[in-house]
Amino acid sequence: MNSHSQEIDCRGIEPSEPETLIGQWQELLCSSPQVVVAGGQTKLPRRVIDRSSAVIDSALLAGIVAYDPQEFIFTARAGTKVADIRALLEAHQQYLPFDPLLVDRGATLGGTVACNASGPGRFRYGGIRDFILGVRFLDGCGRDLETGGKVVKNAAGFDYPKLMVGSRGALGILLELTFKVFPKPEKFASMTCSFASLGAAIQGLQRLAASPLDLEAIDLVPDNGSPCEYLLQVRIGGAADAISSRLSRLVHEFPQAEILDDQQARLLWNGVINFSWAGNDPVIKIPITCGAIPAIEEFCRSSDLRRRYSVAGNVAWIAGPNLRPLMDRWGVQHFFINPPADHPLQRLPAPGPFAMAIQRALDPKKKFVSL
Amino acid sequence: MSGKSLSEKGSDPLRHGQKTNEIDLPPKGQTPFRIGSKFLARLRSLYPSDRLLTHGPAFVSYESDALSTLRQRPLAIVIPQCEAEIIETVALCFEEGIPFVARGSGTSLSGGATPVAGGIVIGLNRLHRILHLDPAERYAIVEPGVVNVNISKAASPYGLMYAPDPSSQTVCTIGGNVAFNSGGAHCLKYGMTSNHVLGLKIVLPNGSVDHLGGTSLESDSPDYVGMFVGSEGLFGIALQITVRLVPVPESYRTVLCAYHSLREAGEAVSQIIAAGLLPGAMEIMDRLAIEAAEAAVRPGYPLDAEGLLIVELEGESGQVEAEYSVLSRLIAHSKPYYVREAKNSSERQQIWKGRKSAFSAVGRLSPDFIVQDGVVPRGRLGEALEEIKRLSTRHQLRVANVFHAGDGNLHPLILFDGSQSGALQQAEKLAEEILELCIRFGGSITGEHGVGVEKREMLPKMYREDEIASMQQIRREVDPSGISNPGKMLQRDDAVPMPVRTGLHPLEKAGVISRE
């Protein structure tokens, strides 16, 4: 679809109850426009949405539907702010270990799932795909589907909940999501460690990731102070009694390591999760393995692009005013946040036959615009 | 669930040992698929005679999987040795409209690899190469016929392992694990197969090849890998599987506690979870299961226990020790009358040996049994067990309980004597009522064995019409001719017959495999 974005107020549908939306959705299915679902707009603001699309604003479709702390499971509507969920879980010493992104900027649960927005903590126990248990959504045939389950283990039927992770609005309108959660560690501790070369830093990262030390997060960043140096940022979590001995053990591996105090650690990881390091620039996400880092660094070094290699080198986050050459080089299709004004909504590669079959089944009339 | 009687032809394995016609037509009315001699002739052009079976003793062993009471004679069995042969076979099946069932070691407990009348079985055990193992990036690319435990063996020199551990892991293959999203005792902390598969190369039911995911933990498309894993063979065959490798835990603490009641064991689990501990595994066995395990492998379990709890902590030693001191307090508080802690690796193996053999061990207590697999919310385990006890009394059938208590995954074993008329039907009725109870409690009809043939009548009880219709629609789009493992998970009109259940699989009797 050709799109040129403008600051316009699109035809907005703002349901506050799933039942209202289901009715509206039936009507929309009989009309011509394609639909876009917007939540907290922390990743894609409305201004980039094409004027011919109908916008379903899920921000009002909010609220925790069920939370039983003893079961370590909650169900919430798609428009629920992740910050609200986090606060509720924290009151029961529980958490979502995958560091959902942009929480302080107002990210919703639905947007977090649709954009597969997990952060550094994804390294330890897995990402959104590993914690999502159930999803209720509207498909392109008008069906209200309750898929997956509300228990931590379920092997019955196709795994729609996982399918919705990263679907970016292309496969259905999310209504409610069920997640498992984990007990929150009593204490966290963090350290940083600088390396004189990229090679040494990657080696250090891989050594840590393959070691039996239980790490919550390992990120790699170029050191702003000096052009050739790189920093590893590492977080552990666990029992208060053991954390300092575990931290010493970690530091012992890297004599040049620096331990962060609680305040410094909070600043660091909050900054990562809320992309404060990217300023207001557009940011893209490239799924990688460590092996790709040298080439990306080579490409970026002479530019003004900022980089963060997160989840032990499994994701490259890159921010800067002009990301197009990089996107072309690595085949990246989406801006993660702050797309530039001239960003075309769809620049999708031809999907494979399996993806096409799933799309045909869930969206036969091609009603969904993928963002 | 409720079985139709076996067709006369399928029930007699001996008959298939004799020389049979080259083209063995399925019983009338059982299949809509055309069977032509042209198909077999074309198949023969792909495979030499020693890798295309249409009769003989080896052929018979493919007629069922670990749900051995379901039997079906296929048209032929092919044994490909490379990926290209699989692709060509699937393409040929597509052209000729012949159904196929991909199969590894046949350890499915839900009949997932039961052949289809008039169709072929594609045996994948010879595709058992580990194609690439990258210790630095911590992943391996393997062929579907690789045995689960062999991945961990190959990774162990690097201090890495493949985490999911179904108890048949010494024989079951990774292709089957992917198709059924296999679990295991240790998936409480790190998840099931699906949580450890990063990428797939697949052949779709029309013979086209596709790549899903990759080698990264992250992805920028919808999670098609997650959709494929656990799809029970309905979406085609995995040709290459990229799995995540994780560091072998540094230390373990394994504790065995015996209680005078099952309720006390269940309460201990609730306390452990409520305290915020995250053990690698938490298992409970009831008296009958303990008795069976003791008779079979002598793990030294206390025989007078009504409930036995196994808890295992794993991870970095400092953390494990800190957790262990909390766990010890909780256990003392739960008042077990007997506690044993594994002091070394062999004692740990000993504790697990009894648990892992429990299913097949039950065969010593009863001529026949049904293995069930259902899930209830963890907080309702006690209630569910009481209900199962009540049902067991009402049906006058003994039920042994073995379960993954940490995630509410029940495995009731229903004991019966198939030689008594009506006993099987009674046992099946009880099994069905237990699954209905799981649904009523807000749980699932399967935690890890899959729907297969066994539970396809139950799936519509767990999901509504719309969800089933959507699954069927997806299935139709991926496999318009319905040739890829038909009759599994979703119902068909021309259902694969549900024959009599007759107890242990021959491999179980020989002690080669055991059930989770």
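The values are calculated or read from the model by the stated rules, or taken from the named source; none is laboratory data. Being a predicted model, the structure only gives us computed values, none of them experimental. Positions of Cβ are generated from backbone atoms using ideal geometry, with glycine treated the same way; all protein chains shown enter the neighbour counts.
Residues being in contact (Cβ under 8 Å) with a residue 60 or more places away in the chain, assigned to a helix (DSSP H, G or I) and surrounded by fewer than 19 Cβ atoms within 10 Å (Cβ to Cβ): count how many of those fall in the range A:273-294.
Residues in the range A:273-294 being in contact (Cβ under 8 Å) with a residue 60 or more places away in the chain, assigned to a helix (DSSP H, G or I) and surrounded by fewer than 19 Cβ atoms within 10 Å (Cβ to Cβ): 1 in total.
What residue, among those in the range B:163-180 that are within 14 Å of chain A (Cβ to nearest Cβ) and in contact (Cβ under 8 Å) with a residue 60 or more places away in the chain, is surrounded by the fewest Cβ atoms within 10 Å (Cβ to Cβ)?
Here the answer is B:Ala163.
Go through (1) farther than 30 Å from B:Ile272 by Cβ; (2) of a type outside the set (D, E, K, R); (3) modelled with pLDDT of 85 or more and name the single condition A:Ser52 misses.
With (1) farther than 30 Å from B:Ile272 by Cβ; (2) of a type outside the set (D, E, K, R); (3) modelled with pLDDT of 85 or more applied to A:Ser52, the lone miss is (3).
Report yes if B:Val121 is crowded, with 21+ Cβ neighbours inside 10 Å, at pLDDT 95 or above and among the β-branched types (Val, Ile, Thr), otherwise no.
Answer is yes for this residue.
So which residues in the range B:266-276 are facing another protein chain (nearest Cβ under 8 Å) and either surrounded by 19 or more Cβ atoms within 10 Å (Cβ to Cβ) or among the acidic types (Asp, Glu) (or both)?
Listed by number, the list holds a single entry, B:Ile273.
Could you identify the single residue in B:Ser221, B:Ser168 that is more than 23 Å from B:Ala84 (Cβ to Cβ) and over 21 Å from the mean Cα position of the chain (by Cα)?
B:Ser221
Out of the residues in the range A:1-43 that are within 21 Å of A:Gly79 (Cβ to Cβ) and among the charged types (D, E, K, R), state the one that is modelled with the lowest pLDDT.
Among those residues, the one meeting the criterion is A:Asp9.
For the range B:450-468, state whether one or more residues are acidic (Asp, Glu), under 17 Å from the mean Cα position of the chain (by Cα) and under 22 Å from B:Phe359 (Cα atoms).
Looking for residues that are acidic (Asp, Glu), under 17 Å from the mean Cα position of the chain (by Cα) and under 22 Å from B:Phe359 (Cα atoms), one finds at least one in the range B:450-468, hence yes.
Restricting the range B:432-484 to residues that are polar (S, T, N, Q) and in a helix (DSSP H, G or I), which is farthest from the other protein chains (Cβ to nearest Cβ)?
Per the criteria, the residue is B:Gln472.
Quick one: which of B:Leu413, B:Leu490 is modelled with pLDDT under 95 and either away from chain A (no Cβ under 14 Å) or outside any loop (DSSP other than H, G, I, E, B) (or both)?
B:Leu413
Answer yes or no: is there a residue in the range B:65-79 that is hydroxyl-bearing (Ser, Thr, Tyr) and not assigned by TED's automatic domain parsing to the domain that holds B:Gly199.
Yes: the range B:65-79 contains one or more residues that are hydroxyl-bearing (Ser, Thr, Tyr) and not assigned by TED's automatic domain parsing to the domain that holds B:Gly199.
Out of the range B:300-341, which residues are part of a loop (DSSP other than H, G, I, E, B) and more than 14 Å from every other protein chain (Cβ to nearest Cβ)?
Answer for the range B:300-341, where residues must be part of a loop (DSSP other than H, G, I, E, B) and more than 14 Å from every other protein chain (Cβ to nearest Cβ): B:Gly300, B:Tyr301, B:Pro302, B:Leu303, B:Asp304, B:Ala305, B:Glu306, B:Ser334, B:Lys335, B:Pro336, B:Tyr337.
Among the listed residues B:Gly230, B:Gly236, B:Gly191, B:Gly183, identify the single one that is outside the structural domain of B:Val402 (by TED's automatic domain parsing) and surrounded by fewer than 23 Cβ atoms within 10 Å (Cβ to Cβ).
That would be B:Gly191, the only listed residue that is outside the structural domain of B:Val402 (by TED's automatic domain parsing) and surrounded by fewer than 23 Cβ atoms within 10 Å (Cβ to Cβ).
Among (1) more than 8 Å from chain A (Cβ to nearest Cβ); (2) more than 20 Å from the chain's Cα centre (by Cα); (3) at pLDDT 95 or above, where does B:Ile290 come up short?
(3)
The conditions are (1) within 30 Å of B:Thr193 (Cα to Cα); (2) surrounded by fewer than 18 Cβ atoms within 10 Å (Cβ to Cβ), and B:Phe403 fails exactly one of them. Which is it?
Here B:Phe403 meets the rest and fails (2).
Checking A:Asn338 against (1) modelled with pLDDT of 90 or more; (2) touching a strand residue (DSSP E or B) at 6+ places or on another chain (Cβ under 8 Å); (3) closer than 30 Å to A:Gly106 by Cβ, only one condition comes out false. Which one?
Going through the list (1) modelled with pLDDT of 90 or more; (2) touching a strand residue (DSSP E or B) at 6+ places or on another chain (Cβ under 8 Å); (3) closer than 30 Å to A:Gly106 by Cβ, A:Asn338 breaks only (1).
Quick test of your reading of the structure: A:Glu27 fulfils all but one of (1) free of Cβ contacts under 8 Å to residues at least 24 places away in the same chain; (2) in a strand (DSSP E or B); (3) not assigned by TED's automatic domain parsing to the domain that holds A:Glu146; (4) not polar (S, T, N, Q). Name the failing condition by number.
That leaves (2) as the condition not met.
Among the hydrophobic types (A, V, I, L, M, F, W, C) and facing another protein chain (nearest Cβ under 10 Å): does that describe A:Leu232?
Answer is no for this residue.
May I ask you to verify whether B:Ser231 is without any contact (Cβ under 8 Å) to a residue 24 or more places away in the chain and either over 24 Å from B:Ser108 (Cβ atoms) or within 22 Å of the chain's Cα centre (by Cα) (or both)?
No: the conditions fail for B:Ser231.
Those residues that are part of a helix (DSSP H, G or I), surrounded by fewer than 19 Cβ atoms within 10 Å (Cβ to Cβ) and β-branched (Val, Ile, Thr), I need them from the range A:226-267; list them, please.
A:Val251
If B:Pro205 satisfies every condition in (1) away from chain A (no Cβ under 11 Å); (2) crowded, with 24+ Cβ neighbours inside 10 Å; (3) not polar (S, T, N, Q) but one, which is the exception?
With (1) away from chain A (no Cβ under 11 Å); (2) crowded, with 24+ Cβ neighbours inside 10 Å; (3) not polar (S, T, N, Q) applied to B:Pro205, the lone miss is (1).
If A:Asn270 meets every condition in (1) assigned to a helix (DSSP H, G or I); (2) buried (at least 19 other Cβ atoms within 10 Å of the Cβ) apart from one, which number is that one?
With (1) assigned to a helix (DSSP H, G or I); (2) buried (at least 19 other Cβ atoms within 10 Å of the Cβ) applied to A:Asn270, the lone miss is (2).
What is the number of the single condition among (1) among the hydroxyl-bearing types (Ser, Thr, Tyr); (2) modelled with pLDDT of 95 or more; (3) surrounded by 23 or more Cβ atoms within 10 Å (Cβ to Cβ) that B:Thr215 does not meet?
For B:Thr215, the exception is condition (3).
So is B:Ile483 in the same structural domain as B:Phe94 (by TED's automatic domain parsing), in contact with a helix residue (DSSP H, G or I) (Cβ under 8 Å, 6 or more places away or on another chain) and modelled with pLDDT of 95 or more or not?
Yes, satisfied.
In this structure, does B:Glu85 turn out to be modelled with pLDDT of 95 or more, over 18 Å from B:Glu232 (Cβ atoms) and not assigned by TED's automatic domain parsing to the domain that holds B:Thr242?
Taking the combined requirement at face value, the residue satisfies it.
Residues that are within 30 Å of A:Arg124 (Cβ to Cβ), at least 3 per element: which strands (runs of 3 or more DSSP E) completely within the range B:72-191 meet that?
Counting at least 3 such residues, we get B:130-134, B:139-142.
So, in the range B:42-82, of the ones that are of a type in the set (Gly, Ala, Ser) and closer than 17 Å to B:Glu96 by Cβ, which residue ends up farthest from the chain's Cα centre (by Cα)?
So, considering only residues that are of a type in the set (Gly, Ala, Ser) and closer than 17 Å to B:Glu96 by Cβ, the one farthest from the chain's Cα centre (by Cα) is B:Ser45.
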